[in-house]
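As structure tokens, the structure follows; a few thoughts come after it.
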Amino acid sequence: MKKNTFTKIGTGIALSLVATTMLHATNGDNLIGIGAKARGMGGTGIAISHGAESSLNNAALITTVEGTEISFGGTIFMPTIKTGFANTTFGMPAKLTKSDADINMIPEVSIAHKIDDNWYIGVGMWGTAGMGTDYGQKGVDANGQNVNMHMVTNLQLLQFGIPVAYKTGGLSLAVTPIIQYGNLDINYAGALLAGVHAPDAPTPANFVPVSAGSGLAQDFGFGFNIGATYDFSNDGIEGLTVGAMYKSGIEMQYDGQLTTATAPFSAFGVVLPDGDKLEQPAEYGVGFAYETGQHAFAFDYRKIKWTDAKGYKDFGWDDQNVYAFGYQYSQDNWALRLGYNHASSAVVEANGNTPSGAALNFFNLLGFPATAENHYTVGGTYEVSKAFSVDVAYVHQSTSKKTFSLAAFQGLSNYNPNQITTEHSENSISIQLNYKF
């Protein structure tokens, strides 16, 4: 009876993760942190332990688990993305249109178990990253053209890992083999004007179709995470922990997506990406945590290597330096958390005076606006009993506004836009249930 029950629960978890809808992330296309505790503390989790939840952030920290711990929860993501085109030559400002991809659910589950005083093991499935916009139902503009070219993009990433950790004295080491499932879909339908025209309303014959879509593409990739922490308590510095982590890049192949999406722009001199690979980038980081009495402080620094990742480097994404700060106050059976996370936008402006640069600016801001920078977080825990507790977290990403040049497109015709503007903000609520035995 128990076996059947656990089988059904496990199957349901797996299906819910795989069926996760389009999600928006924050450090590029990565979530700032996995789990409600980490998200409540600004995404910190390299040196401060969050129990089983630490399985993906830094698995060396599962060595704080005293028996077996299960964390199961999810994040309700509520992004607000608005994009529009402007033609400053004729005094036509950008009219921003809101994306319909404005609420999503991201589940996660982590299990950690203490084998003996030295060895620990875990397992987990996490929705880790993604991005996308949806302007598919936005109608047509005054010239009869699709608003925001009816752009619909959707990237979803799910990771499955089995962390193994070893502890001796104050040192903990861990390795986590990772299997990543991903799917990507890009489609749009619109047009650009070609040739020089008289300053009157353009006719449909002036428009050159610029549209694409090849259906959903899926792939599996493999990578690994390694982590280490050192607790200085045995060295006379009670409460101080330092940590380090490394996540390998994971190469994914989404057949027909990038090449099909960019192919219509080849007529305007755009240099196409080399294939359909989109590699989730490698990252590394260090952190420290200090706990004294009821107070805990944490700081993480991470480097995300977008410039080395296949696909992302073709679209001009820039490396990110991520700085995360977290604070926790604990008393009796409850805890309060605060945090801040900052990373400059992974999407940077290309030279819009060139056809290739204008195309990059178009795709990045309209389809993949990974422009989030500042995040403010708050969270808490309530222990219902010694075995059962509930975590909550709220994350607010303040509005980031970017305007990039499309000057080369206007060079085709005065009627084409010469700028694209995107406003991007996010709110999310995370809820997590924890059980220890």
Any idea how many residues of the range 156-189 are closer than 29 Å to Gly51 by Cα and either among the polar types (S, T, N, Q) or crowded, with 21+ Cβ neighbours inside 10 Å (or both)? 15
Flag for Thr260 being surrounded by 15 or more Cβ atoms within 10 Å (Cβ to Cβ) and farther than 21 Å from Thr44 by Cβ: yes
State all residues of the range 242-253 that are closer than 15 Å to Lys310 by Cα, within 18 Å of the chain's Cα centre (by Cα) and not β-branched (Val, Ile, Thr); if no residue qualifies, say none. Ser248, Gly249, Glu251, Met252
Positions within the range 340-362 being surrounded by fewer than 23 Cβ atoms within 10 Å (Cβ to Cβ), of a type outside the set (Gly, Ala, Ser) and either at positive phi or touching a helix residue (DSSP H, G or I) at 6+ places or on another chain (Cβ under 8 Å) (or both), in sequence order: Glu349, Asn351, Asn353, Thr354, Pro355
Do we have Ser55 as within 30 Å of Ala358 (Cβ to Cβ), among the hydroxyl-bearing types (Ser, Thr, Tyr) and within 18 Å of the chain's Cα centre (by Cα) here? no
In this structure, does Gly33 turn out to be of a type in the set (Gly, Ala, Ser) and either touching a residue at least 12 places away in the same chain (Cβ under 8 Å) or surrounded by 24 or more Cβ atoms within 10 Å (Cβ to Cβ) (or both)? yes
Does Lys303 meet the test of being modelled with pLDDT of 95 or more and either within 30 Å of Ala335 (Cβ to Cβ) or touching a Lys or Arg at 6+ places or on another chain (Cβ under 9 Å) (or both)? yes
Of Leu15, Leu56, which residue is at pLDDT 90 or above and of a type in the set (A, V, I, L, M, F, W, C)? Leu56
Go through (1) closer than 24 Å to Ile178 by Cα; (2) at pLDDT 95 or above; (3) surrounded by 20 or more Cβ atoms within 10 Å (Cβ to Cβ); (4) not β-branched (Val, Ile, Thr) and name the single condition Leu278 misses. (2)
Let me confirm something: among Ala346, Ala350, which residue is closer than 12 Å to Trp317 by Cβ and within 14 Å of the chain's Cα centre (by Cα)? Ala346
Could we say that Phe368 is within 16 Å of Leu31 (Cα to Cα) and surrounded by 19 or more Cβ atoms within 10 Å (Cβ to Cβ) here? yes
Return the residue satisfying two criteria in turn: it lies in the range 206-242 and is at pLDDT below 85 and part of a strand (DSSP E or B), and of such residues it is farthest from Thr262 (Cα to Cα). Phe207
For the range 93-124, what are the residues that are among the hydroxyl-bearing types (Ser, Thr, Tyr) and either surrounded by fewer than 19 Cβ atoms within 10 Å (Cβ to Cβ) or in a strand (DSSP E or B) (or both)? Thr97, Ser110, Tyr120
Residue among Gly122, Gly127, Gly132 that is within 21 Å of the chain's Cα centre (by Cα) and more than 17 Å from Ala261 (Cβ to Cβ): Gly127
Of all residues making up the range 252-296, the number that are out of contact with any helix residue (DSSP H, G or I) (no Cβ under 6 Å at 6 or more places or on another chain), in a loop (DSSP other than H, G, I, E, B) and free of Cβ contacts under 8 Å to residues at least 60 places away in the same chain: 8
Scan of the range 362-388 for residues that are within 14 Å of Lys313 (Cα to Cα) and touching an Asp or Glu at 6+ places or on another chain (Cβ under 6 Å), ordered by number: Ala370
Count of the range 389-419 residues which are over 12 Å from Trp334 (Cα atoms) and either assigned to a strand (DSSP E or B) or modelled with pLDDT of 95 or more (or both): 14
Would you check if there is a residue in the range 310-322 being of a type in the set (S, T, N, Q), crowded, with 18+ Cβ neighbours inside 10 Å and modelled with pLDDT of 95 or more? yes
Which members of the range 78-110 meet the condition of being without any contact (Cβ under 8 Å) to a residue 40 or more places away in the chain and basic (Lys, Arg)? Lys95, Lys98
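The values are calculated or read from the model by the stated rules, or taken from the named source; none is laboratory data. This structure is a prediction, so every number in the text was calculated from the model and none was measured. Quick reminder, even Gly has a Cβ in these numbers, built from the backbone with ideal geometry, and neighbours come from all protein chains shown.
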